[in-house]
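Please read the structure below before turning to the comments.
The values are calculated or read from the model by the stated rules, or taken from the named source; none is laboratory data. Note that this is a predicted model, so its numbers are computed, not measured. Cβ placement follows ideal geometry from the backbone for every residue including glycine, while neighbour counts extend to all protein chains displayed.
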Amino acid sequence: MLSALLTAFQTLTRIRVPSPRRAPDAAVRGASAIFYPLVGAVIGVAGFGLYRLLSDGVPRDISMLGVLALWVLLTGALHEDGLADTCDGFGSQTRPDQILRVMKDSAIGTYGALGIVLTLLLRWRTLVAIAPEYTLLACVLSQVLPRTGIVALAFWVGPASGGSGGSFAAGLRLPHVIGSVALGGVLLTPLLAEWRLILCAAGVCVVGVVLLGLYFRRRLGGVTGDCLGTAVQFQDLGVLLAVLIWSTKTL
């Protein structure tokens, strides 16, 4: 389990953690999925901590831009890169082999650049618009739930290629998915006073996983690491929008 925990942080973040004694095999990579919600919780709490640090003397739009920048730094822009590759591949090609070829290209094209810019702008403006008292919920839910969602997505759809994302999907088993969902629920326990909002945000992620899973299965026959990064970005935005709508209605 310790190797799986360290592998989860090494896979999803640039946070320095001790390396496992042995290189992770398929079993360890699969088990690491259990800890994906914990990685999200650390990222979300770090973002909220920065917001609190800046909130007294810095305008909210600037502090929220700082939160987004911190998340990008902590993850090494992993999910943004996946989104860009996915937009380029699916936007410019039709056949699965052609899509995979473009997604493996490190260069960013027009579709990829637009995807990154638009999602970052939407996430930023949504964070700014959320009522301040819902900032903690927004930060934590938008990071925990999507990382739980991609575990279910990868298990359900399966691999499209033999890359890192494909090998991760191939190594997943049902207990890994159940463990990830269970840990995500435990991590959100301190926020249960807003259980209706949590259920609403989780529902948004479920819908996102289903729609993206059907799309990736039809177009590609499975998922890659880039597809999972795209799923994180879309679920993140969906959760933030859900929190925004909820906070607006409760004011």
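General remarks:
- Output for the stretch 203-225, where each listed residue is crowded, with 19+ Cβ neighbours inside 10 Å, in a helix (DSSP H, G or I) and more than 11 Å from the chain's Cα centre (by Cα): Val204, Gly208, Val209, Leu212, Gly213, Phe216, Leu220, Gly225
- The single condition among (1) surrounded by 14 or more Cβ atoms within 10 Å (Cβ to Cβ); (2) within 25 Å of Met1 (Cβ to Cβ); (3) out of contact with any Phe, Trp or Tyr (no Cβ under 8 Å at 6 or more places or on another chain) that Arg29 does not meet is (3).
- Hits in the stretch 169-202 - residues which are basic (Lys, Arg) and in a helix (DSSP H, G or I): Arg196
- Meets criteria (at pLDDT 95 or above, surrounded by 15 or more Cβ atoms within 10 Å (Cβ to Cβ) and out of contact with any strand residue (DSSP E or B) (no Cβ under 9 Å at 6 or more places or on another chain)) for Val117: no
- Any chance Leu53 is assigned to a helix (DSSP H, G or I), closer than 17 Å to Ala138 by Cβ, within 20 Å of the chain's Cα centre (by Cα) and not aromatic (Phe, Trp, Tyr): no
- Odd one out for Thr189 among (1) surrounded by fewer than 16 Cβ atoms within 10 Å (Cβ to Cβ); (2) closer than 19 Å to Ala8 by Cα: (2)
- Check on Ile62, modelled with pLDDT of 95 or more, farther than 28 Å from Ala152 by Cβ, in a helix (DSSP H, G or I) and out of contact with any Gly (no Cβ under 8 Å at 6 or more places or on another chain): yes
- Restricting the stretch 160-175 to residues that are over 28 Å from Leu122 (Cα atoms) and crowded, with 22+ Cβ neighbours inside 10 Å, the residue that is modelled with the lowest pLDDT: Ser161
- Any pair with Cβ under 7 angstrom, 6 or more apart, that starts in the stretch 181-209 at a residue that is within 13 Å of Ala242 (Cα to Cα) and ends at one that is β-branched (Val, Ile, Thr) and surrounded by 18 or more Cβ atoms within 10 Å (Cβ to Cβ): Leu197/Val243; Ala201/Val239; Ala201/Val243; Val204/Val239; Cys205/Val239
- Residue, farthest from Cys139 (Cα to Cα), within the stretch 210-249, restricted to residues that are hydroxyl-bearing (Ser, Thr, Tyr) and in contact (Cβ under 8 Å) with a residue 60 or more places away in the chain: Thr224
- Of all residues in the stretch 87-107, those satisfying the criterion of being farther than 19 Å from Gly163 by Cα and either part of a loop (DSSP other than H, G, I, E, B) or basic (Lys, Arg) (or both) are Gln93, Thr94.
- The listed residues are Ala27, Ala33, and the only one of them that is in a helix (DSSP H, G or I) and under 23 Å from Leu73 (Cα atoms) turns out to be Ala33.
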